[in-house]
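The next block holds one structure in the form of C-alpha coordinates; read it before the comments.
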Amino acid sequence: MATGRFITFEGIDGSGKSTQSRTLAASLKANGADVVMTREPGGSPGAEEIRHLVLTGDPDRWSAETEILLFTASRRDHLEKTINPALAAGKTVISDRFADSTRVYQGATRGDLRDMVDQLHSLMIGREPDLTFIIDMDPTVALKRGLARNSGEDRFEDFGLSFQQTLRAGFLKLAKQNPDRCILIDGNRDSETIAADIATQFASRS
Ligand code: ADP
Ligand code: TYD
(Lines give C-alpha, C1' and ligand atoms only; values in the text may rest on other atoms or scores of the structure.)
(Ligands and ions follow the chains in the order given, each with its own letter.)
Protein backbone atom coordinates (compact mmCIF):
# COMPACT_ATOMS: atom_id res chain seq x y z
CA MET A 1 0.00 0.00 0.00
CA ALA A 2 1.28 3.48 -0.84
CA THR A 3 2.13 5.56 2.19
CA GLY A 4 2.26 9.33 2.49
CA ARG A 5 5.34 11.49 2.89
CA PHE A 6 6.68 12.42 6.27
CA ILE A 7 8.23 15.90 6.43
CA THR A 8 9.76 17.54 9.51
CA PHE A 9 10.99 21.02 10.45
CA GLU A 10 13.86 21.40 12.89
CA GLY A 11 16.00 24.17 14.33
CA ILE A 12 16.67 26.22 17.45
CA ASP A 13 13.89 27.91 19.42
CA GLY A 14 12.35 30.86 17.57
CA SER A 15 13.97 30.01 14.21
CA GLY A 16 10.66 30.11 12.32
CA LYS A 17 9.75 26.39 12.16
CA SER A 18 6.09 26.87 13.05
CA THR A 19 5.67 29.72 10.57
CA GLN A 20 7.33 27.78 7.74
CA SER A 21 5.65 24.44 8.46
CA ARG A 22 2.24 26.14 8.43
CA THR A 23 3.07 27.91 5.15
CA LEU A 24 4.23 24.70 3.44
CA ALA A 25 1.14 22.84 4.71
CA ALA A 26 -1.14 25.60 3.37
CA SER A 27 0.50 25.60 -0.05
CA LEU A 28 0.36 21.80 -0.37
CA LYS A 29 -3.30 21.84 0.69
CA ALA A 30 -4.03 24.56 -1.87
CA ASN A 31 -2.62 22.17 -4.48
CA GLY A 32 -5.05 19.47 -3.36
CA ALA A 33 -2.82 17.41 -1.04
CA ASP A 34 -4.27 15.75 2.06
CA VAL A 35 -2.01 17.18 4.75
CA VAL A 36 -1.82 16.53 8.48
CA MET A 37 -0.01 19.28 10.34
CA THR A 38 1.35 18.25 13.72
CA ARG A 39 4.05 19.09 16.27
CA GLU A 40 6.34 17.78 18.97
CA PRO A 41 6.34 17.51 21.83
CA GLY A 42 2.64 16.81 21.39
CA GLY A 43 0.52 15.94 18.39
CA SER A 44 -1.75 13.47 20.21
CA PRO A 45 -3.74 13.95 23.44
CA GLY A 46 -1.33 11.89 25.57
CA ALA A 47 1.76 13.51 24.07
CA GLU A 48 0.28 16.98 24.67
CA GLU A 49 0.03 16.11 28.38
CA ILE A 50 3.72 15.18 28.41
CA ARG A 51 4.44 18.48 26.57
CA HIS A 52 3.26 20.43 29.58
CA LEU A 53 5.58 18.46 31.87
CA VAL A 54 8.71 19.07 29.80
CA LEU A 55 8.19 22.68 28.73
CA THR A 56 7.20 24.38 31.96
CA GLY A 57 9.02 24.93 35.22
CA ASP A 58 12.67 25.37 36.14
CA PRO A 59 15.35 24.48 33.58
CA ASP A 60 16.79 21.96 36.07
CA ARG A 61 13.42 20.34 36.71
CA TRP A 62 14.46 17.26 34.68
CA SER A 63 17.89 15.86 33.86
CA ALA A 64 18.75 15.32 30.20
CA GLU A 65 18.40 11.56 30.77
CA THR A 66 14.87 11.90 32.16
CA GLU A 67 14.01 14.21 29.27
CA ILE A 68 15.09 11.52 26.78
CA LEU A 69 12.54 9.16 28.34
CA LEU A 70 9.75 11.76 28.42
CA PHE A 71 10.30 12.98 24.83
CA THR A 72 10.55 9.41 23.55
CA ALA A 73 7.37 8.40 25.38
CA SER A 74 5.53 11.37 23.91
CA ARG A 75 6.92 10.56 20.42
CA ARG A 76 5.82 6.95 20.66
CA ASP A 77 2.24 8.04 21.42
CA HIS A 78 2.37 10.66 18.66
CA LEU A 79 3.56 8.02 16.19
CA GLU A 80 0.95 5.43 17.20
CA LYS A 81 -2.02 7.79 17.34
CA THR A 82 -1.34 10.45 14.73
CA ILE A 83 1.63 9.96 12.39
CA ASN A 84 1.41 6.28 11.44
CA PRO A 85 -2.36 6.24 10.80
CA ALA A 86 -2.09 9.36 8.61
CA LEU A 87 0.85 7.99 6.58
CA ALA A 88 -0.92 4.64 6.19
CA ALA A 89 -3.92 6.53 4.79
CA GLY A 90 -1.62 8.11 2.18
CA LYS A 91 -1.63 11.58 3.75
CA THR A 92 1.32 13.95 3.87
CA VAL A 93 2.43 14.53 7.46
CA ILE A 94 4.27 17.73 8.38
CA SER A 95 5.66 17.80 11.91
CA ASP A 96 7.09 20.84 13.66
CA ARG A 97 10.02 18.96 15.32
CA PHE A 98 10.63 15.20 15.63
CA ALA A 99 13.51 12.91 16.67
CA ASP A 100 16.30 15.26 15.51
CA SER A 101 15.29 17.60 18.34
CA THR A 102 15.99 14.87 20.89
CA ARG A 103 19.31 14.06 19.19
CA VAL A 104 20.38 17.68 19.60
CA TYR A 105 18.57 19.05 22.71
CA GLN A 106 19.06 15.94 24.84
CA GLY A 107 21.94 14.25 23.01
CA ALA A 108 24.40 17.11 22.62
CA THR A 109 23.89 19.85 25.20
CA ARG A 110 24.49 18.51 28.70
CA GLY A 111 27.11 15.89 27.97
CA ASP A 112 27.31 13.46 25.07
CA LEU A 113 24.14 11.37 25.42
CA ARG A 114 23.72 10.72 21.71
CA ASP A 115 24.21 6.96 22.08
CA MET A 116 21.44 6.73 24.64
CA VAL A 117 19.13 8.77 22.39
CA ASP A 118 19.91 6.54 19.40
CA GLN A 119 19.37 3.31 21.29
CA LEU A 120 16.00 4.38 22.62
CA HIS A 121 15.04 5.69 19.19
CA SER A 122 15.77 2.38 17.48
CA LEU A 123 13.97 0.46 20.23
CA MET A 124 10.83 2.60 20.47
CA ILE A 125 10.51 4.78 17.35
CA GLY A 126 12.46 3.29 14.43
CA ARG A 127 11.22 5.80 11.90
CA GLU A 128 12.94 8.70 10.15
CA PRO A 129 11.30 11.48 8.15
CA ASP A 130 11.48 11.37 4.35
CA LEU A 131 12.53 15.01 4.30
CA THR A 132 13.74 17.41 7.02
CA PHE A 133 14.08 21.19 6.73
CA ILE A 134 16.60 22.48 9.26
CA ILE A 135 16.19 26.22 9.68
CA ASP A 136 19.52 27.74 10.65
CA MET A 137 19.80 31.21 12.13
CA ASP A 138 21.54 33.57 14.51
CA PRO A 139 20.69 32.37 18.06
CA THR A 140 20.67 35.93 19.47
CA VAL A 141 17.84 36.98 17.16
CA ALA A 142 15.99 33.68 17.48
CA LEU A 143 16.10 33.75 21.28
CA LYS A 144 14.67 37.30 21.34
CA ARG A 145 11.86 36.23 19.02
CA GLY A 146 11.11 33.14 21.07
CA LEU A 147 11.01 34.90 24.43
CA ALA A 148 8.93 37.79 23.00
CA ARG A 149 6.09 35.29 22.49
CA ASN A 150 5.64 34.92 26.27
CA SER A 151 4.21 31.46 25.70
CA GLY A 152 4.82 30.16 29.23
CA GLU A 153 6.61 27.19 27.59
CA ASP A 154 10.11 28.64 27.83
CA ARG A 155 11.97 26.01 29.84
CA PHE A 156 14.56 25.48 27.08
CA GLU A 157 14.86 29.19 26.17
CA ASP A 158 15.61 29.79 29.88
CA PHE A 159 18.86 27.79 29.56
CA GLY A 160 20.21 30.93 27.81
CA LEU A 161 22.18 32.00 24.74
CA SER A 162 25.16 29.62 25.00
CA PHE A 163 22.75 26.67 25.15
CA GLN A 164 21.13 27.94 21.90
CA GLN A 165 24.60 28.29 20.33
CA THR A 166 25.37 24.67 21.21
CA LEU A 167 22.03 23.64 19.70
CA ARG A 168 22.77 25.51 16.49
CA ALA A 169 26.10 23.69 16.12
CA GLY A 170 24.31 20.40 16.82
CA PHE A 171 21.74 20.97 14.07
CA LEU A 172 24.43 21.99 11.56
CA LYS A 173 26.34 18.78 12.32
CA LEU A 174 23.17 16.72 11.96
CA ALA A 175 22.42 18.30 8.56
CA LYS A 176 25.93 17.40 7.37
CA GLN A 177 25.61 13.82 8.62
CA ASN A 178 22.25 13.26 6.90
CA PRO A 179 22.41 14.94 3.47
CA ASP A 180 20.00 12.37 2.02
CA ARG A 181 17.04 13.73 3.98
CA CYS A 182 18.15 17.07 5.52
CA ILE A 183 17.97 20.42 3.75
CA LEU A 184 19.60 23.39 5.48
CA ILE A 185 17.60 26.62 5.16
CA ASP A 186 18.95 30.10 5.93
CA GLY A 187 16.46 31.50 8.44
CA ASN A 188 18.04 35.00 8.55
CA ARG A 189 15.68 36.28 5.83
CA ASP A 190 12.09 37.46 5.67
CA SER A 191 9.39 34.81 5.97
CA GLU A 192 8.22 35.06 2.34
CA THR A 193 11.74 34.56 0.93
CA ILE A 194 12.32 31.56 3.20
CA ALA A 195 8.94 30.06 2.23
CA ALA A 196 9.75 30.44 -1.48
CA ASP A 197 13.12 28.74 -0.92
CA ILE A 198 11.45 25.84 0.95
CA ALA A 199 8.80 25.47 -1.78
CA THR A 200 11.52 25.25 -4.45
CA GLN A 201 13.56 22.72 -2.47
CA PHE A 202 10.44 20.67 -1.75
CA ALA A 203 9.50 20.59 -5.44
CA SER A 204 13.00 19.45 -6.38
CA ARG A 205 12.72 16.49 -3.97
CA SER A 206 9.17 15.45 -4.95
P1 ADP B 1 9.66 28.46 16.00
O2 ADP B 1 8.49 27.60 15.71
O3 ADP B 1 10.91 27.99 15.35
O4 ADP B 1 9.84 28.74 17.45
P5 ADP B 1 8.04 30.66 14.96
O6 ADP B 1 7.64 30.34 13.57
O7 ADP B 1 7.02 30.46 16.05
O8 ADP B 1 9.39 29.88 15.32
O9 ADP B 1 8.59 32.15 14.96
C10 ADP B 1 8.99 32.79 16.18
C11 ADP B 1 8.56 34.26 16.11
O12 ADP B 1 9.31 34.90 15.07
C13 ADP B 1 7.10 34.47 15.76
O14 ADP B 1 6.63 35.60 16.45
C15 ADP B 1 7.11 34.71 14.26
O16 ADP B 1 6.04 35.52 13.84
C17 ADP B 1 8.45 35.40 14.05
N18 ADP B 1 9.08 35.05 12.77
C19 ADP B 1 9.08 33.85 12.14
N20 ADP B 1 9.81 33.88 11.02
C21 ADP B 1 10.30 35.13 10.91
C22 ADP B 1 11.16 35.80 9.95
N23 ADP B 1 11.64 35.18 8.88
N24 ADP B 1 11.47 37.07 10.17
C25 ADP B 1 11.01 37.72 11.28
N26 ADP B 1 10.19 37.17 12.22
C27 ADP B 1 9.85 35.89 12.05
P1 TYD C 1 8.62 24.16 20.33
O2 TYD C 1 7.23 24.34 20.80
O3 TYD C 1 8.84 23.81 18.92
O4 TYD C 1 9.47 25.40 20.77
P5 TYD C 1 9.97 26.66 19.95
O6 TYD C 1 8.75 27.22 19.27
O7 TYD C 1 10.56 27.53 21.00
O8 TYD C 1 10.98 26.18 18.96
O9 TYD C 1 9.36 22.99 21.14
C10 TYD C 1 9.35 22.99 22.50
C11 TYD C 1 10.71 22.84 23.12
O12 TYD C 1 10.99 21.45 23.35
C13 TYD C 1 11.88 23.40 22.36
O14 TYD C 1 12.60 24.23 23.24
C15 TYD C 1 12.70 22.19 22.01
C16 TYD C 1 12.33 21.18 23.04
N17 TYD C 1 12.43 19.77 22.57
C18 TYD C 1 13.42 18.95 23.10
O19 TYD C 1 14.23 19.39 23.93
N20 TYD C 1 13.50 17.65 22.70
C21 TYD C 1 12.62 17.11 21.81
O22 TYD C 1 12.73 15.92 21.46
C23 TYD C 1 11.60 17.97 21.26
C24 TYD C 1 10.62 17.42 20.27
C25 TYD C 1 11.54 19.29 21.69
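The values are calculated or read from the model by the stated rules, or taken from the named source; none is laboratory data. Model, not experiment: these values are computed from the prediction. Here Cβ is always computed from backbone atoms with ideal geometry, including for glycine, and neighbour counts include all displayed protein chains. Heavy atoms of the whole protein, side chains included, go into the accessibility calculation; ligands, DNA and RNA do not. Shrake-Rupley method; radii C 1.70, N 1.55, O 1.52, S 1.80 Å.
Amide H to amide H, which residues 5 or more places from Leu113 or on other chains are under 5 Å from it, using H placed in the peptide plane?
Ala108
Got a number for carbon plus sulfur as a percent of the chain's accessible area, 1.4 Å probe?
53 percent
Putting +1 on Lys and Arg Cβ atoms and -1 on Asp and Glu Cβ atoms, find which of Cys182, Gly32, Ile68 reaches farthest to the positive end of the dipole of the stretch 6-205.
Gly32
Please give the charge dipole size of the stretch 6-205, origin at the Cα centre, charges +1 on K and R Cβ atoms and -1 on D and E Cβ atoms. Round to the nearest 20 debye.
Result for the stretch 6-205 is approximately 340 debye, rounded to the nearest 20.
Averaged per residue, what accessible area in Å² does the stretch 6-205 show with a 1.4 Å probe, protein chains only?
I get 45 Å² per residue for the stretch 6-205.
Take the Cβ-Cβ distance between Glu65 and Leu161 as r, set R0 to 22 Å, and report the resulting FRET efficiency rounded to the nearest 0.05.
It comes to 0.35.
Starting at the first residue of the stretch 9-22, write each ³J(HN,Hα) from the Karplus equation 6.51 cos²θ - 1.76 cosθ + 1.60 with θ = phi - 60°, in whole Hz, x for Gly and Pro.
10, 9, x, 6, 4, x, 7, x, 4, 5, 4, 6, 5, 5
Given the DSSP H assignment, sum -39500 (n - 2.57) over each helix run of at least 4 residues in the chain and divide by its residue total; what's the result at 222 nm in deg cm²/dmol, nearest 500?
Helix contribution divided over all residues of the chain: -14500 deg cm²/dmol.
Residue farthest toward the positive end of the dipole of the stretch 17-124, with Cβ of Lys/Arg at +1 and Asp/Glu at -1: which of Gly43, Thr19, Gly107?
Thr19
Please turn the phi angles of the stretch 40-49 into ³J(HN,Hα) values with the Karplus equation 6.51 cos²θ - 1.76 cosθ + 1.60 (θ = phi - 60°), one per residue in order, whole Hz, x for glycine and proline.
10, x, x, x, 8, x, x, 5, 5, 5
Counting C-alpha atoms alone, how compact is the chain: give Rg to one decimal and Dmax as a whole number, in angstrom.
Spelled out, the Cα radius of gyration and Dmax of the chain are 16.1, 46 Å.
Between Lys176 and Ser27, what length in nm is gained on full extension when 0.36 nm per residue of separation is reduced by their alpha carbon distance?
Gain in length upon complete extension: 50.9 nm.
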